[in-house]
Every structure is written in C-alpha cells, then in structure tokens.
Amino acid sequence: MSGSTTLSKKDFQTDQEVRWCPGCGDYAILSAVQAVFPELGVPRERFVVVSGIGCSSRFPYYMNTFGFHTIHGRAPAVATGLKVARPDLEVWIATGDGDALSIGGNHLIHALRRNVGVKILMFNNRIYGLTKGQYSPTSEAGKRTKSSPFGSVDHPFNALSVAIGAGATFVARSIDVLQAHLKETLRAAAAHRGTAFVEIYQNCNIFNDKAFAHLTEKEVRDDALVHLETGKPMVFGKGRDRGIRLKGTELEVIRFADGFGPDDCLVWDDRRSNPAIAFMVAQMGRPDFPTPIGVLRRVDKSTFETGMVGQIERETEKRGVGNLQQLIHSGDLWTVHEDGTIS
Amino acid sequence: MKLPIVDSEQGSSRAVDRERLDDVVIRFAGDSGDGMQVTGSQFTSTSALIGNDLATFPDFPAEIRAPAGTLPGVSAFQVRIADYDIHTPGDAPDVLVAMNPAALKVNLGDLRPNGILIVNTDEFVERNLKKAGYERSPLEDGSLDAYRLFQVPLATLTRRALEDSGLDAKAVERCKNFFALGMAYWLFSRPIEPTLRFLAKKFGARPEIADANARAMKAGWNFCDITEAFQTRYEVMPAKLAPGVYRNVTGSTALALGLVAASRRSGLPLFQGAYPITPASDLLHELAQLKSFGVTTFQAEDEIAAICAAIGASFGGALAVTSTSGPGLALKSEALNLAVMVELPLVVVDIQRGGPSTGLPTKTEQADLLFALYGRNNESPLPVLAAASPADCFDLAIEACRLAVRYMTPVILLSDGYLANGSEPWRLPELDRLPDFPVEFRTSPEGFAPFLRDPETLARPWALPGTAGLEHRIGGLEKQDGSGNVSYDPANHEHMVRLRAEKIARIAREIPPLEVDGEPAGELLVLGWGSTAGAITGAVNLARRQGLPVSRAHLRHLNPFPANLGEVLARFERVLVPEMNLGQLAFLLQGRFLKPVISFPKVQGKPFFRNEVLEKIQAVLGGSR
Ligand code: SF4
C-alpha cells in the first residue's frame, strides 16, 4: 500500500471497468504508464493524475493513485495550483489534442513557460473522439469529418513546435504502439525537473483509424521515423541508409548511397540551449522528412513551484513568521478610552 | 446642525471665528494626475487620528490617464467626518475643492447650496474651459453665486512657495494638491504632523520631494491663516466610538486581513489565485505582500486558470481563494461548478462593479446577486455572503472560509467597488475572540470512501493526496454517493442533486437569526444587503427621529437566508428593499416567501444617498396615512 513495499504494475490498476473502445490506443498508453510508475521509487499515494475532458481524460479513473478528472482544457491550471501547494506530489496530466491545444491552449503554454514541475502526456489522435468525430487542432488540412464535410480549412498545430515555442524545458514524442519506446520516453519525462511535455501519437480506431499507420506499420516504420538519441547521428531508413544533416539553416535528407555517411549527419543533442534546431526537427514530417520521435529538448531551468515556495521561505526568514496581531495593528492607530478620550 | 462656539485659538496669527460642526462632507476633485486620492486619504487618516467617525468614497475614472483637463479624466475623493456614529460618506458635499474647470463641472451639481467652493483659478484659462465645455468662465458669469466661492491660484502660490526648492517646474506643479490639503487642514482645524510623517516615510529615498510637499502644505495652511479670505475655522470634535483600538481600513485591506486570519484559525496555508481585474486587484496586491504569513498568491494567465489553480490547491489541502469582479466571475462559472461537484472548499470573492460586460469598471453596483446564486449550469447550490461595510469584510472573509471548510463547498463572498475602496474606522478585534476552526483531514483508511458524509453537515471527508491508503479519484462526472464511483444511475443522480442542495440548506441552522433594529413588528421594515447598510441605517435613524414607524434589518447571508427571515417579513405590513440593481433581492424574497415587497432600485454606479432612502421611507409611510 505505501512506499516502503515494492510496487508492481497491479498496484496501479483500479477496479473500475475501462470504458475506451476496444482497440483504442489509450489502452497501450495506460499499460505503459502503469508499468513505469512502479519503477520510479515513489510511494503510490504521492502520485496524482489530473486530466481535462475527452477520451484521454478518463485516464485517472483507471489509475489507482489520487486522481482528478477536471473540466475541458483546464488540467494544467488545476495541476499548477496543486503542485505549487504541494511540491511533494508527483503530478501527471493526461490530456488530448483538443483538450490541450484547443480549449486549453492558454493553460498549456503558460504551464510550459512557467516550468511547473508536472508531466503532461498529450494523447494526439488528431480527432475529437468523445464528441464523436469532429476535426481537431491537429487534424490535417482538408480533413473530412462530420463537422467538416467539405474538408477542414484549418491549418493544424504541430504540438512539439507549440511546446518549444512556449519555452518548454522537456519536449518528447512517442507512439502508443511502440511500447518500449513509450516507456523509455515516460521514464525520461519522470526524471525531468520542470514541465515535461510528451506528445503520444494515439490511434482512435473509431473516428480516425490508421491516422499514424504511415509511421507504425512494420514495412514503413523504419523509413518513416527517425529516432532522436542524444550523442548519435540522425540516421534512419530500412538499411540505416539515410540521415539528416544541417545545411546552412536548413535540414536535409542525405542518402548514404550518394557518398554520404553517418559522419555527415547532424548529431542529436537534446540539451542544446538554443531551441532553434529542436524547432526545425519538430517540423519534420511527411512528405520530405521522416517523423522524429524521442526527446527533442531537455534543458534545466528553475521550476515554478520552487520559485513560489522560495519567496515564502525567504520572506519568512527575513521577517520571521508573520505575526497576525502586528499585521492587524499596523498603520495609524488610535485608542478610544473608556472615558471617551482619544490617544 | 451647527453649534457656534467660542474657543481660544491655538497657533493662529489672527482672530477668526470658530464654528463647531457635528458633521461635514468634503470632496477633493481634480484631474486624475492631480493627486486627489492622496489628498483625500491624508485628510481621512488625520481625521481618524483625532477621533472623528468617518466614511470615504473615492471615485476615479476607468482610464489610467484620460486626457488632462477633460471631463472623463476627473478623479474625486469624498470624505465625511463627524462627531457621532455615521454610516455613509454623505450625500451632498459641504465643501468642494475643484482643481480645474472639468472637476468643477462634474462635481458642482452635488455641492449643497451655500457650500464652500474652493477653485484653483490657475486652471481656469480658455483652453481648459473649452475642454470642460464652458463657453464662459463660471468664475465670472455669476453662475456660482449660490456658493461661498474662494478663488485661489493654487499653482502660482505653490510655485512661489517652492521657488528655491531646486525642483523642476513639473515636480513643483505636482505639489499643488498638498497646498490644497494645507488649506483644508487650516479650515477644519486639523494638525499637519501626521501628513508630515507620511511624507517623510513615503519619500524617504527622495527627501527633496517630501520637503517640497511639506512646504506646499504649510504654505496652504499659512495662506489661509494670513489672508483675510477665510473668516471662519471649523471644528469637528471626536466621535463617541466604543472603547478600543482603531485604525482606518478599506474593504480590500479588511478582506485580505480576514483571509489571513482565517488561514491562521483553520491552520491551513492560504492560496489565492487571481487575474488582474478592477476593482479586485487590490486584494491580490495586499495578499502578495504577505508571503511571510505563508500566503501563496498566483497571478494566473486568466480568470479560469485562477479559479482552477485554487481548486487544485484545495485538493492539495490549502485554504483556497480566488478573487475577481463580475466579468471574471462569468468566466469562472464552469470551474465553480466543478468545485460544487467535487465538493472541495473554495472561497470566491466577487467585488461587484457596474455592468453588464465591461460596464463601469471603477463604479459600484450590486447586480451580481442572482448571478452568484444562479449563474451556473444546472442545480448548483452554494453559500453566498455579502459584506455590509468595509470593516465587515474582515469578519465575513473569516465566515466564508469557515463555511467552506466545514461544509466542503465553494462559497461566494460578495463585496463591491464602494466597499473595496471606501474606508471607515475599524475597532480592531481581539484575536482570541475570532472563530476558531482547525481543520482535520481524513487520515485513516479504515472504512474510507471519498463521498461518505458527516451526518450533521453532510460534508464529505477532505482526503489529501500523499495520504497512504486514501487513493481515490474525483471529477466532474456524477458519482455514486459514498463510493464516489462514476454513476449514471437516474435515482442516484436525483439523490445527489437533492443532497448537494440539502447540504447548503443546512447551513441555515448555524447562521445567526436576522436581527431587527427598531420595533420587531410594525408598518415598515427596510431590508437591505451588502454595501447599502450605511445609507439605510442613516436614513432609518433619521426617519425614526422624525417619528416615523420604521425598522431595519440587514442580510449578510444571501444563501441560505437566515432561518427566521420569512417570519420577520411576515411581522411587517410593508417591506422596502433598496438595492443597487433592478430589484434582485426583492425578486428572491417574493419568490421565496410570496410576500409583496417594495423594490427601491438605484443603478447609477453610485451608492445610495441617505436622503434618497429617507425620502422613499417618507413617501411609503406618507402614502399610508
Ligand atoms: S473514440 Fe477513439 S479515442 Fe475515444 S475511446 Fe474510442 S477509439 Fe479511443
């Protein structure tokens, strides 16, 4: 029950019937999170999972931790208040593309810029699932849905670019079906101090099936994805026969058949203090580039809760613990005596 | 009202008449940049220190710097000082200080006939007259004959007094409000020392500025003393206030102090989530200073984040507060309902202002009552309290926090712009007499379920993350009573809707019964709520002195109402309800008690005048004779 005993995946499962559609990518994410939490050395009661609204946001009900299923888009705001009030807690947010990038966009960017010590898992299925299939802020332009029968005219957000642009200190991407990679990414997020933003491509087999099949199908996977591993050159492709290099201010795919080799590729480093290269890499994808997965950015910055608590500690040290009597009796005072005189 | 007295003159160089007043209203009016708020506050603090009862009404424009000299740029501060217990900043000023033509134009209509009018003639030049919409100078066309007019070139005299100060012309110009203050101090026989102390403290780092303002003030005082313009000095003796230690306090400060006191009495750290909004920002400013009291202030990215963060902090075990004004409360509605649904304690402070929409941000109104009670989707019961005076904000802040944690519910505390910015003498409470309500969190996993209920209050346990064995999930979905598991069961839903309502209704059991001031039954009851208390009290007292059969009662609890309210209403033939909206309390009373009441609305962005209420009382009673 408590932290002194070793926890297992089972300790994080609830008795609640899981209500996602059979085949939904959310199951895989749940399984990965339940597998990683016990490894983190944190007593179960110190985990809190906070969510907004949407399919992804049912997540807390299935995690046997403290949980708060809040309202649409507001999970980062609720989590910020919780983390500031209780820095001792491990606060994880489960959210979706609509929840985080549409109705909750404001809270997301402000949590990221403040560097609140919470982990944000954004399940991106590029569709509104719970409301039965409208285009989302990550749906591709031209997407035909019930609310866009002639194709969406919206330009989509690139979630990683938004996060990097907002000053996020940890930005990563993984995919529901790549269990090992997903767990590795979750571990990296857990180890980060400050906000960790993880975009997880998630298949909604009901309203947007195979949205990521071009990345996940066995035959295409190696050509379509590039794994970002710090210290290693950005090599990809079935026979690891291609790579990414930086040419001037542009990225470019190079083929080793053309005389290039791994040494010509950009060596990945998620700790670059300048976010420009991470931003360029975040933009990579079809049709000209492979899609990057892994950790794009990981930098150290003071956290919001440390700053908030630190001010209280410093002020208390400077002035001593506030004296209410003195506080109320501050300013210009006068006394009315029993005999009516004033002093 | 005037008692001529003969008194030996202290410190004056010539013999002047002395006149004792029991009550005087002074309004300082000028351009927003003229420092009228400081001038008025200083006059107020000094008057408080010599023991007058007082009430203030600052009135300033929504624009930070409206174009100088224009009508929208006029800023005013009204203070009423008295030698007896008063309740309002007064209706018509007895004295008006007008720093420019625009200030004269905006405020002259309020000055009582034969009132003292001091104008700064330096500003009465063609350009400024035109900006204020005067075709001819009112100083010359006889239009001010009904007043005792004193024409003083304030800027010129200030310049002369500061000739060798070494300050530039602009800095010198900025001292003229202290010249006016010096005049007011002479005229009303106040000491200048408290303001000298204020200046030394405020401009500690820039002694030349402190010195210039002090010199301007003394020059104003001397000007009155030496010139023959003023033949009379006035005195207002100390009021007979209840024994105790006093300070002058605004509603914003009292509210902040009340929240900190509640934090101490509950044993919980205070967390405030807020987004800047007029007139609620002062509460954020006040609390932001108090970090050494363990206060966390979170300036959020928007109103929604402010309340959501407070809810998150409450989940974590903090005494959570979010503060705003009407437009912000509108944005908070959905999150407020989340707090209703998950039954977490939260205090929402709404400092009401004129509306709808952006409305009159710096003006006062009481039109959020129905919104506070009903402005959320579905059945959403929560307690609503309303402070009656600036000092009452202290007590009600504590009461709001106490109810929130005892009943595990969000509470709305209503104040308004008039209470927040207005001030009155506050008899300081003895700390050990304040309500004590130490909070006990649930710790034992034995038989724990998140929505099990206290049989008396129906409150659920407050079980904090971090407590082993109490892991549980809460959320906005309907839940099974007891277990808290998500439930779509129809019967359970109705049970929960009724239960949430019953929990709030039960608060009436511990609300003090409504007290009637005056005869407990009879012809007329004036029933008010919120900041109208002062005007109503003043009017009812006067009416009674005139022999009118009228009683008074004031609601601080708007939901639930005190348990005896229906019975009190039934004891009176008629009930008059003055309020700064179109009759929202009247609507509630009639709906709830099926008792016809006489609604007396005023929606002008200004508080009621005592005489408006008095005349209404006279009319209501006159009609029956
Ligand atoms: S609608 Fe889509 S995202 Fe939602 S549970 Fe079903 S498959 Fe999963």
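The values are calculated or read from the model by the stated rules, or taken from the named source; none is laboratory data. Bear in mind that the values here come from a model prediction, so they are computed numbers and not experimental data. Please note: Cβ atoms are built from the backbone with ideal geometry, for glycine as well, and neighbour counts cover all protein chains shown.
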Search segment A:309-338 for residues that are at the interface with chain B (Cβ under 8 Å from one of its Cβ atoms) and free of Cβ contacts under 8 Å to residues at least 24 places away in the same chain and pair each with any residue that is among the polar types (S, T, N, Q) and not in a strand (DSSP E or B) when their beta-carbon atoms are under 6 Å apart and the residues are at least 6 apart or on different chains.
A:Glu315/B:Ser292; A:Thr316/B:Ser292; A:Arg319/B:Ser292; A:Gly322/B:Ser292; A:Asp332/B:Ser45; A:Thr335/A:Ser343
Could you say whether any residue in segment B:136-145 is touching a residue at least 24 places away in the same chain (Cβ under 8 Å), of a type in the set (Asp, Glu), within 20 Å of B:Leu96 (Cβ to Cβ) and not in a strand (DSSP E or B)?
no
If you scan segment B:279-304, which residues turn out to be at the interface with chain A (Cβ under 10 Å from one of its Cβ atoms) and hydrophobic (A, V, I, L, M, F, W, C)?
B:Ala288, B:Leu290, B:Phe293, B:Val295, B:Phe298, B:Ala300, B:Ile304
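Picking from B:Leu370, B:Leu428, which residue would you name as being among the hydrophobic types (A, V, I, L, M, F, W, C), assigned by TED's automatic domain parsing to the domain that holds B:Ala280, farther than 15 Å from B:Ala280 by Cα and out of contact with any strand residue (DSSP E or B) (no Cβ under 6 Å at 6 or more places or on another chain)?
So the residue among B:Leu370, B:Leu428 that is among the hydrophobic types (A, V, I, L, M, F, W, C), assigned by TED's automatic domain parsing to the domain that holds B:Ala280, farther than 15 Å from B:Ala280 by Cα and out of contact with any strand residue (DSSP E or B) (no Cβ under 6 Å at 6 or more places or on another chain) is B:Leu370.
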Within the group B:Glu399, B:Glu365, B:Glu440, B:Glu446, which residue is modelled with pLDDT of 95 or more, touching a strand residue (DSSP E or B) at 6+ places or on another chain (Cβ under 8 Å), charged (D, E, K, R) and within 26 Å of A:Arg86 (Cα to Cα)?
B:Glu399
Any residue at all in segment A:152-170 that's under 21 Å from A:Ser102 (Cα atoms), more than 14 Å from every other protein chain (Cβ to nearest Cβ), surrounded by fewer than 18 Cβ atoms within 10 Å (Cβ to Cβ) and within 16 Å of the ligand (Cβ to nearest atom)?
no
So B:Leu259, is it touching a Leu at 6+ places or on another chain (Cβ under 9 Å) and at the interface with chain A (Cβ under 7 Å from one of its Cβ atoms):
no
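Does A:Gly231 satisfy the condition of being among the small types (Gly, Ala, Ser), surrounded by 14 or more Cβ atoms within 10 Å (Cβ to Cβ) and more than 16 Å from the ligand (Cβ to nearest atom)? Explain how you work it out, then say what you get.
Details: among the small types (Gly, Ala, Ser): yes; surrounded by 14 or more Cβ atoms within 10 Å (Cβ to Cβ): no; more than 16 Å from the ligand (Cβ to nearest atom): yes.
Judged against the criteria, A:Gly231 is not a match.
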The residue that is surrounded by the fewest Cβ atoms within 10 Å (Cβ to Cβ), considering only those in segment B:305-316 that are facing chain A (nearest Cβ under 7 Å) and more than 19 Å from B:Ala261 (Cβ to Cβ), is B:Gly316
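Can you find even one residue in segment A:19-35 that is within 11 Å of chain B (Cβ to nearest Cβ) and either within 16 Å of the ligand (Cβ to nearest atom) or crowded, with 24+ Cβ neighbours inside 10 Å (or both)?
Scanning segment A:19-35, I find at least one residue that is within 11 Å of chain B (Cβ to nearest Cβ) and either within 16 Å of the ligand (Cβ to nearest atom) or crowded, with 24+ Cβ neighbours inside 10 Å (or both), so the answer is yes.
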Can you name the condition, by its number, that A:Leu186 falls short on among (1) hydrophobic (A, V, I, L, M, F, W, C); (2) part of a loop (DSSP other than H, G, I, E, B); (3) in contact with a helix residue (DSSP H, G or I) (Cβ under 9 Å, 6 or more places away or on another chain)?
(2)
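Residues of segment A:272-321 being part of a helix (DSSP H, G or I) and either of a type in the set (A, V, I, L, M) or touching a Leu at 6+ places or on another chain (Cβ under 6 Å) (or both), which ones? Write out each step before concluding.
Step one: filter segment A:272-321 for residues part of a helix (DSSP H, G or I), giving A:276-282, A:304-319.
Once the filter is applied, which keeps residues that are part of a helix (DSSP H, G or I) and either of a type in the set (A, V, I, L, M) or touching a Leu at 6+ places or on another chain (Cβ under 6 Å) (or both), segment A:272-321 yields A:Ala276, A:Ile277, A:Ala278, A:Met280, A:Val281, A:Ala282, A:Met308, A:Val309, A:Ile312.
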Please determine whether any residue of segment B:592-612 is farther than 16 Å from B:Asn541 by Cα, in a strand (DSSP E or B) and among the hydroxyl-bearing types (Ser, Thr, Tyr).
yes
Going through A:Asn64, A:Asn124 one at a time, which residue ends up being closer than 18 Å to A:Leu186 by Cβ, within 16 Å of the ligand (Cβ to nearest atom) and touching a helix residue (DSSP H, G or I) at 6+ places or on another chain (Cβ under 8 Å)?
A:Asn124
B:Arg197 versus (1) away from every other protein chain (no Cβ under 14 Å); (2) modelled with pLDDT under 95; (3) in a helix (DSSP H, G or I): which is the lone unmet condition?
(1)
Restricting the search to segment A:210-225, which residues are free of Cβ contacts under 8 Å to residues at least 12 places away in the same chain and within 16 Å of the ligand (Cβ to nearest atom)?
A:Lys210, A:Ala213
How many residues are facing chain B (nearest Cβ under 7 Å) and either of a type in the set (Ser, Thr, Tyr) or under 16 Å from the mean Cα position of the chain (by Cα) (or both) when one looks only at segment A:48-76?
6
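Restricting attention to segment B:376-395, does a residue exist that is facing chain A (nearest Cβ under 10 Å) and in contact (Cβ under 8 Å) with a residue 24 or more places away in the chain?
yes
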So which residues in segment B:333-384 are over 16 Å from B:Thr322 (Cβ atoms) and of a type in the set (Val, Ile, Thr)?
B:Thr358, B:Thr362, B:Thr364
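State whether one or more residues within segment A:77-93 are within 14 Å of another protein chain (Cβ to nearest Cβ), more than 16 Å from the ligand (Cβ to nearest atom) and surrounded by fewer than 18 Cβ atoms within 10 Å (Cβ to Cβ).
yes
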Within segment B:564-575, is even one residue assigned to a loop (DSSP other than H, G, I, E, B) and either under 24 Å from B:Asp23 (Cβ atoms) or under 24 Å from the mean Cα position of the chain (by Cα) (or both)?
no
Is there any pair with a first residue in segment A:195-209 that is among the hydroxyl-bearing types (Ser, Thr, Tyr) and a second that is within 12 Å of the ligand (Cβ to nearest atom) and part of a strand (DSSP E or B) whose Cβ atoms are under 6 Å apart and which are 6 or more apart or on different chains, and what are they?
A:Tyr201/A:Asn124
When B:Arg112 is run through (1) closer than 30 Å to B:Pro361 by Cβ; (2) not in a loop (DSSP other than H, G, I, E, B), the failure sits at (2)
Suppose we filter segment B:115-129 for residues that are surrounded by fewer than 18 Cβ atoms within 10 Å (Cβ to Cβ), within 35 Å of the chain's Cα centre (by Cα) and either part of a loop (DSSP other than H, G, I, E, B) or modelled with pLDDT under 95 (or both); how many remain?
0
Screening A:Gly73, A:Gly54 for residues that are in contact with a Gly (Cβ under 6 Å, 6 or more places away or on another chain), part of a loop (DSSP other than H, G, I, E, B), closer than 30 Å to A:Asn205 by Cα and within 15 Å of the ligand (Cβ to nearest atom) leaves only A:Gly54
Collect the residues in segment B:441-482 that are facing another protein chain (nearest Cβ under 7 Å), of a type in the set (Val, Ile, Thr) and either in contact with a Ser or Thr (Cβ under 8 Å, 6 or more places away or on another chain) or surrounded by fewer than 20 Cβ atoms within 10 Å (Cβ to Cβ) (or both), keeping them in residue-number order.
B:Thr467
